[in-house]
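Worksheet: one structure, shown below.
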Amino acid sequence: MKTSFLISVLAPALIAGAVSTSPPSETRPDFSPKPEEQQLPRVMHSAMKELPTITVGKDNADLIGSGNRALQAAVDYIAGLGGGTVEIGEGEYVMFDSLHLHSNITVRGKKGKTVLRKADGVVSALALDGDFGEQQITVEDPAGFKVGCGVAIWDDRAGGFHTTVARITGCGGNTFSIDNPLMADCMVDNKAKAATVFPVLSACNIEGARIENLIIDGNKESNVHLNGCRGAGIFLYRAFGTVIQGCLVRNYNGDGISFQQSNDVVVLDCICEDNASVGIHPGSGSQRPVVRKCIARRNGGDGLFLCWRVRHGAFEDNVLEENKRFGISIGHKDSDNLLCRNVVRLNYQDGVFFRDESLGMAAHRNRLEDNIIENNGAGGEAAGIHIQGQTNGLLFKNNTIRDTRIVQAQTQTVGIRIGKQVGEVILDGNKIEVKTPIKDERASKSK
């Protein structure tokens with residue numbers, strides 16, 4: 001009876017307390033997560049408004065230095081904090097090794113004033129064979145090979161991706177240890193050599209990096225050549241989602257900008273000039289690249305070279321001029337790309353060249369729209385657009401193809417040259433002003 005009475009008396013009070021909406025007696029800030037807040041994909045926290053930043057320079061900076069060691073220390077410090085920004089002050093920085101980027105790092109210079117200059121290089125023949133997987137080399141002349149320097153090793157049969165680029169980690173007389181294993185046998189009988197050449201700025205096996213407002217000076221005259229599969233002024237390898245913006249790459253003994261096996265790379269407002277090989281080189285399966293508002297001029301190879309398996313890319317509003325081969329070269333499985341509003345002029349051979357590939361490997365379904373292709377053929381008679389191989393499904397729309405020079409000086413004598421094995425080519429609204437507007441070599445013409 002007493003128990004029942006207590007329950008009947010206390011129940012209304014308990015119920016009232018459970019449903020009370022009256023404000024607390026003391027107002028406190030609400031720090032609870034907002035509905036839109038989510039954790040970042042690969043860490044257990046949400047996006048922060050302020051990330052780590054460090055300055056590096058010759059003076060008035062957090063880190064003081066004038067070479068790659070100070071720059072690398074700054075990058076490594078920010079990488080240890082999970083990402084952020086490295087601000088490099090104005091001046092020239094001499095590079096005895098690459099500046100090696102990490103994921104989620106922005107490296108930013110002072111526009112037009114921050115120069116990363118490749119140090120003078122040395123080269124020596126190997127004194128002993130370098131075996132695949134070995135992490136040391138023995139050179140005939142060790143002068144100039146120092147611990148901490150970048151180095152490349154190759155022979156006459158081990159070029160391209162078989163060239164090894166590494167850092168020297170130790171020295172014992174003429175023998176040096178390196179931090180990467182040799183990618184191939186480098187044989188004395190095949191003229192194996194080592195040289196202190198490397199990309200000035202390198203990003204390998206990373207994602208989400210940015211490179212902004214740097215001048216890369218390759219010091220071409222004092223360095224031997226390094227191929228674009230393993231080197232360039234700026235070189236990316238499996239560096240997914242990297243953005244390169246506002247950079248000038250000049251005078252490198254190799255490519256200007258090369259990115260290999262790197263999806264979703266964006267190159268904006270960059271200049272590649274006077275490099276020994278290709279200006280801009282996306283390749284080796286780099287999908288969905290964007291190259292926009294860039295200039296590639298006076299390079300020793302093509303202005304823009306789409307290497308292998310470059311697909312679903314956008315190449316827009318670029319200037320490709322006075323290069324020593326083609327303005328634009330497209331070939332092996334380079335399909336489904338858009339090239340529009342580019343200016344392609346004064347190149348040594350054809351303005352745009354589709355390389356000779358079989359049906360399974362050709363550059364199918366590329367679209368060229370609203371481009372100006374003019375005055376090419378500095379090395380002799382050339383075409384504005386030249387298509388070889390079993391290339392199929394091309395669309396050329398609203399392009400201007402012309403030679404504006406006096407008649408005696410005109411060498412871009414063909415507007416569009418279509419090879420014997422080429423498949424469907426759709427021509428729509430192009431303005432062609434050359435001696436031979438269309439040269440179609442197919443037995444059965446399909447336009």
Next on the checklist: Going by amide H atoms built from the backbone, whose H comes under 5 Å of the H on F259, apart from near neighbours?
Outcome noted: L236, H281, G283
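Please list 59-65, 241-247 highest first by mean number of surrounding beta-carbon atoms within 10 Å per residue. Could you put the intermediate results ahead of the total?
Numbers: 59-65: 12.9, 241-247: 20.4.
Answer by packing, highest mean first, reads 241-247, 59-65.
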Checklist entry - Could you give me the ³J(HN,Hα) list for segment 383-397, computed from phi with Karplus coefficients 6.51, -1.76, 1.60 and θ = phi - 60°, whole Hz, x at Gly and Pro? => result 10, x, 10, 10, 10, 10, x, 9, 5, 9, x, 8, 10, 10, 10
Next on the checklist: If R₀ is 22 angstrom, what is the calculated FRET efficiency for the pair A314 and E424, using the beta carbon separation as r and rounding to 0.05?
Outcome noted: 0.50
Item to check | Note, ³J(HN,Hα) from phi for segment 160-172, Karplus 6.51, -1.76, 1.60, rounded to Hz, x at Gly and Pro | outcome: x, 6, 8, 5, 9, 10, 8, 10, 6, 10, x, 9, x
Checklist entry - At R42 and N190, where each label point lies 7 Å from the Cα along Cα→Cβ, what is the point-to-point distance in nanometres? => result 3.4 nm
Checklist outcome for this item: Karplus ³J(HN,Hα) for segment 247-256 (6.51 cos²θ - 1.76 cosθ + 1.60, θ = phi - 60°; Hz, whole; x = Gly/Pro) runs 9, 10, 10, 9, 6, 9, 7, x, 6, x
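What percent does the relative contact order of segment 123-195 come to when contacts are Cα pairs within less than 8 Å and at least six residues apart?
Values: 185 pairs, mean separation 32.2, N = 73.
Relative contact order for segment 123-195 comes out at 44 percent.
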Next on the checklist: Could you work out how much longer the chain between T175 and I406 gets when fully extended? Use 0.36 nm per residue separation minus the Cα distance between them, nm to one decimal.
Outcome noted: 77.1 nm
Checklist outcome for this item: Row for the chain, column shape: gyration tensor on C-alpha, a ≥ b ≥ c, rounded if a/c < 1.5 i.e. under 1.5, prolate if a/b over b/c, else oblate; value oblate
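Give, rounded to the nearest 20 debye, the magnitude of the charge dipole that segment 260-351 has about its Cα centre when Lys and Arg contribute +1 at Cβ and Asp and Glu contribute -1 at Cβ.
On the way: 12 positive and 12 negative charges, 30 e Å.
Dipole magnitude for segment 260-351 comes out near 140 debye.
What net charge do the residues around R167 carry, taking every other residue with its C-beta under 9 Å from that of R167, with Lys and Arg at +1 and Asp and Glu at -1? Write down the numbers at each step before the final one.
On the way: positive: none; negative: D97, D179.
Cβ neighbours under 9 Å give a net charge of -2.
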Checklist entry - Considering only V343, I330, C307, whose Cα is most displaced toward the positive end of the charge dipole of segment 292-351, charges sitting on Cβ of Lys, Arg (+1) and Asp, Glu (-1)? => result C307
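Sorting L304, L182, L268 on the 10 Å Cβ count, fewest up front, what's the list? Display every interim value, and only then the final one.
Details: L304 27, L182 24, L268 16.
Ranking L304, L182, L268 by Cβ neighbours within 10 Å, fewest first, gives L268, L182, L304.
Every read-out reported here was derived from the displayed coordinates using simple, explicitly stated rules and does not represent laboratory data. For clarity, every value in this text was computed on a predicted model and none was experimentally measured. No Cβ is skipped: glycine too gets one built from the backbone with ideal geometry, and neighbour counts run over all protein chains shown.
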